[in-house]
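Novice: Take a look at the following structure, please.
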Amino acid sequence: MPLKHSLLALALLSAPLVFAADTDNTSGTPPKIEPWKASVELGFLMNSGNTNSTNFNTKVNATQDLLHWRNNYSLASQYTRSDDQKTAENYNGSIEGNYKFNDSEFWYIRGGYKKDLFSGYDFQSNVATGYGDRFWQLKDGSYLEASAGLGYRYNKLAEGATTSDIGAAQTPIIRFALTGQKQLSTNAVFIQTLDSSIGTKDGSSISKSVSSLQANIRNDLAMKLSYSAEYSSTVPTGKEHTDTETSVTLLYSF
């Protein structure tokens, strides 16, 4: 079964467990469900003259804290066209459920899917599960969180693409992740994420770092500056090992 269908099945199977766990209340009183926290990012850049280019990127994030579960959803896309030629187009998404043992420790299950038309892959995907700990947190929302687990990477090569190590595309993985958020002031926050997966077959690795600074214009509107770098030790023939991206977006929270 294609992995994108597996991820959808995983999400559907996880949903009943999430709601079953959060409606299991021995007091007989239904637990209070926290409102959804969501944000939408939009970025657009158009150049004309010697170079005619258009860049458009979007991102949607949603988080909900239930009694026993914290669920995170993310969807993103990017499109770039320069001098009447498409130079970038990709779509990616992830879903993660954290079962909370207490205020800091949790067990997570996660799935991710990416389709990049210029990567040499038809699609890239992974699933993982493991233990995490939000070992430092403050009342202002600042925190540090680390997690580690096991999973599987399934990257399908595009038609005609080749690679020096086909085993790196489909392999069990060990996954490590670190997330930090620091409230710099009432109107500014810095967020850092690190995510790395290592293939158990040959040690092939994929690592991604995202650094962002967000400054509020008003309570529900902010400007966001982000820098991301992704390194893959094994890539299709003719492709670069490192991809970087710098973006300035307008972020609306609700």
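Novice: In terms of Cα to Cα distance under 20 Å, which lysines are near enough to residue 37, apart from those fewer than 8 places away along the same chain?
Specialist: Here the lysines satisfying the reach criterion relative to residue 37 are 59, 100, 139, 182, 224.
Novice: Once both labels are modelled 7 Å past Cα along the beta-carbon direction, what's the residue 131-residue 105 spacing in nm?
Specialist: Using points 7 Å along Cα→Cβ, the separation is 0.7 nm.
Novice: Between residue 44 and residue 192, take the C-beta separation as r, use R0 = 35 Å, and let me know the FRET efficiency to the nearest 0.05.
Specialist: 0.85
Novice: Go from 0 up to the bin containing the longest alpha carbon distance in segment 111-165, width 5 Å each, and give me the % of pairs per bin.
Specialist: 5, 15, 17, 13, 12, 12, 10, 8, 4, 2, 0
Novice: Could you give me the ³J(HN,Hα) list for segment 142-153, computed from phi with Karplus coefficients 6.51, -1.76, 1.60 and θ = phi - 60°, whole Hz, x at Gly and Pro?
Specialist: Listing the rounded values in order: 5, 6, 10, 9, 10, 8, 8, x, 10, x, 9, 9 Hz.
Novice: In whole angstrom, how far apart do the alpha carbon centroids of segment 121-140 and segment 225-254 sit?
Specialist: 18 Å
Novice: Fewest first, what order do 254, 118 take by the number of other Cβ atoms within 10 Å?
Specialist: Numbers: 254 10, 118 14.
Least to most surrounded, the residues fall as 254, 118.
Novice: Arrange the following residues from fewest to most other Cβ atoms within 10 Å of their Cβ: 46, 223. Please list the in-between numbers first.
Specialist: Values: 46 10, 223 13.
Final ranking by Cβ density, sparse to dense: 46, 223.
Novice: Then there is this: What does the C-alpha gyration tensor say about the overall shape of segment 76-181? Classify as rounded when a/c is under 1.5, otherwise prolate if a/b is larger than b/c, or oblate. The partial results should precede the final answer.
Specialist: Values: a/c = 3.35, a/b = 1.68, b/c = 1.99.
It comes out oblate by the Cα gyration axes.
Novice: Label points 7 Å out from Cα along the Cβ direction at residue 244 and residue 182: separation in nm?
Specialist: According to this spin-label approximation, the distance is 2.1 nm.
All of the numbers you see were taken from the coordinates with simple rules; none came from a lab. Remember, it's a predicted structure, so these values are computed and weren't measured experimentally. Methodologically, a virtual Cβ is constructed for each residue, glycine included, from the backbone with ideal geometry; neighbour enumeration extends over all protein chains shown.
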